[in-house]
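Written below as structure tokens is the structure these notes are about.
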Amino acid sequence: MNLRLVELTKRFFSKHGSILAVNDVNLEIDSGEFFVLLGPSGCGKSTMLNLIAGLEKPTRGEIWFDETLVASASRRVFLPPKERNVAMVFQSYALYPHLTVFENIAFPLRIRRTKEQLIKESVQRVASMLAISELLDRKPAGLSGGQRQRVAIARAIVRKPNIFLLDEPLSNLDAQLRASTRGELKNLQRNLGVTTIYVTHDQIEAMGLGDRIAVLKDGRIVQIGTPDELYENPVNPFVAKFIGSPPMNLFKASINYDKGSFFITVGNKKIKLPDNKAERIMSLKSKDCLIGIRPEHIYINPSGAEETLKGKITSIEPLGKDVLLHISIGENKFTAITPKMRFEEYEIVNVGFDPERIHVFEIQD
Ligand SMILES: Nc1ncnc2c1ncn2[C@@H]1O[C@H](COP(=O)(O)OP(=O)(O)OP(=O)(O)O)[C@@H](O)[C@H]1O
Ligand SMILES: [Mg+2]
């Protein structure tokens, strides 16, 4: 099922005034797509899912499932959740404590008065998909966090929904279980082929799962793209810092023009900016800008002929195969990821930037 949000807006009113939780969002999600909403706490992710599920009414705008209008503020259309046939796994998933795992999963089918034999088959099918077949007789209290999570997912997929809505479903799991469940979830979604919207504030999760990602801030979409597009071409410093780990280095610089090329000055060295950035640079409102370079695109003691700067290592974090170096160059501080070698604190090293990987942003973005 294809999903379309048109000028979708949700304002909450309270004693202390009002909050625009979702602000004029336009979005089209393709049938079968795994779509991720990514953004910091409070940016409106859960509110967007609740609007799609029919748990909240929009203040303005429309929601379409294929050619069906399911919510419109101006046309006074509002289909209740059960008519939308969406399955949701909530941020704090709630299982019924007095029911067995089997009955928890069967619940959505029972309220639809499904035949007993079909219930049995369906529960067994999803339980085996999620490797929880041997837990069906237990109560939730006797399960680990990861097992409960699987039961919540099984309950959501036991009937074929139009859309699958997942609100930070892995946030209660430890790192290892999270990584393995992430892989399974992606396979499961591919096999089911159901349009999925997945909410997270964790960019690693977003990059690993999403066909496309929308980065949200203060109820608005800042950028939509594939994981690679967001990594390669973030539109502003907010996206640049949010995608990639450790975050992109950003520093203020002044751009100068000399003999047909653009330069910035770092420390007391001039660095030439790539010619393919010319258009972007010309569009800047001022020659003062923010320069971005990812830690993995900074080279320490490079052997090639490229220009380097002198930097001082201020601290060293081992990462296994690589090391993360904190380096100061003049006033500016950088992080760099580099293959493991013998480094010492306060050592002076030669620092090279991959010029093709330099990003240029407006300061006020
Ligand atoms: N029922 C409500 N009444 C009033 N304000 C609300 C309500 N629900 C959400 N908000 C506010 O709307 C904004 C968006 O909230 P929302 O829960 O959608 O954020 P979120 O991105 O899911 O955050 P988190 O990552 O912390 O779950 C917040 O400022 C929140 O305080
Ligand atoms: Mg939330």
**Item:** For residue 165, net neighbour charge (Lys/Arg +1, Asp/Glu -1) across residues whose Cβ lies under 12 Å away
**Value:** 0
**Message:** If packing is taken as the average count of other Cβ atoms within 10 Å, what order do 342-352, 33-43 fall into, highest mean first?
**Reply:** 33-43, 342-352
**Message:** Please compute the per residue accessible area over the chain with all protein chains in place, 1.4 Å probe, rounded to a whole number of Å².
**Reply:** 50
**Asked** Rounded to whole Å and sorted largest first, what semi-axes of the equivalent ellipsoid does the C-alpha gyration tensor of the stretch 311-365 yield via the square root of 5 times each eigenvalue?
**Response** 23, 14, 11
**Message:** What would the Debye equation give as log₁₀ I(q)/I(0) for the chain at q = 0.09, 0.13 Å⁻¹, counting only Cα atoms as equal point scatterers?
**Reply:** -0.65, -1.06
**Complete:** Comparing 30, 228, 275 in a Gaussian network model of the chain (Cα, 10 Å), the one with the largest mean-square fluctuation is 275
**Prompt:** When the chain is treated as a GNM, springs tying every alpha-carbon pair under 10 Å, which of 299, 198, 231 comes out with the largest mean-square fluctuation?
**Reply:** 299
**Message:** What does the C-alpha gyration tensor say about the overall shape of the stretch 70-185? Classify as rounded when a/c is under 1.5, otherwise prolate if a/b is larger than b/c, or oblate.
**Reply:** oblate
**Asked** Considering the dipole of the chain built from charges on the beta carbon (Lys and Arg +1, Asp and Glu -1) around the Cα centre, which of 119, 129, 326 is farthest to its positive end?
**Response** 119
**Item:** Charge dipole (debye, nearest 20) of the chain; +1 at Cβ of Lys and Arg, -1 at Cβ of Asp and Glu
**Value:** 1180
**Fill in**
Gyration tensor (Cα only) of the stretch 249-361 to equivalent ellipsoid, semi-axes in Å sorted down, yields 27, 13, 13
**Prompt:** Amide H to amide H, which residues 5 or more places from residue 266 or on other chains are under 5 Å from it, using H placed in the peptide plane?
**Reply:** 271
**Request:** Quick one: give the max-minus-min coordinate of the C-alpha atoms of the stretch 47-103 along each principal axis, largest first, in Å.
**Result:** 43, 20, 15
**Item:** Within straight-line cross-link reach of residue 241, aspartates and glutamates at Cα separation under 17 Å, skipping those fewer than 8 residues along the same chain
**Value:** 202, 205, 218, 228, 229, 232, 296, 362, 365
**Asked** Got a sec? Charge dipole of the chain, +1 on Cβ for Lys and Arg, -1 for Asp and Glu; which of 201, 274, 349 is way out at the positive end?
**Response** 201
**Length-normalised contact order of the stretch 3-242 in % [C-alpha pairs under 8 Å, at least 6 apart]** = 27
**Request:** Tally up the carbon and sulfur contribution to the accessible surface of the chain as a whole percent, 1.4 Å probe, everything protein left in place.
**Result:** 50
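The values are calculated or read from the model by the stated rules, or taken from the named source; none is laboratory data. What you see is a predicted model; the values in this text were computed from it and never measured. Note that each Cβ is placed from the backbone with ideal geometry, even for glycine, and that neighbours are counted across all protein chains shown. Surface areas here come from the heavy atoms of the whole protein model, side chains and all, with no ligands, DNA or RNA. Shrake-Rupley method; radii C 1.70, N 1.55, O 1.52, S 1.80 Å.
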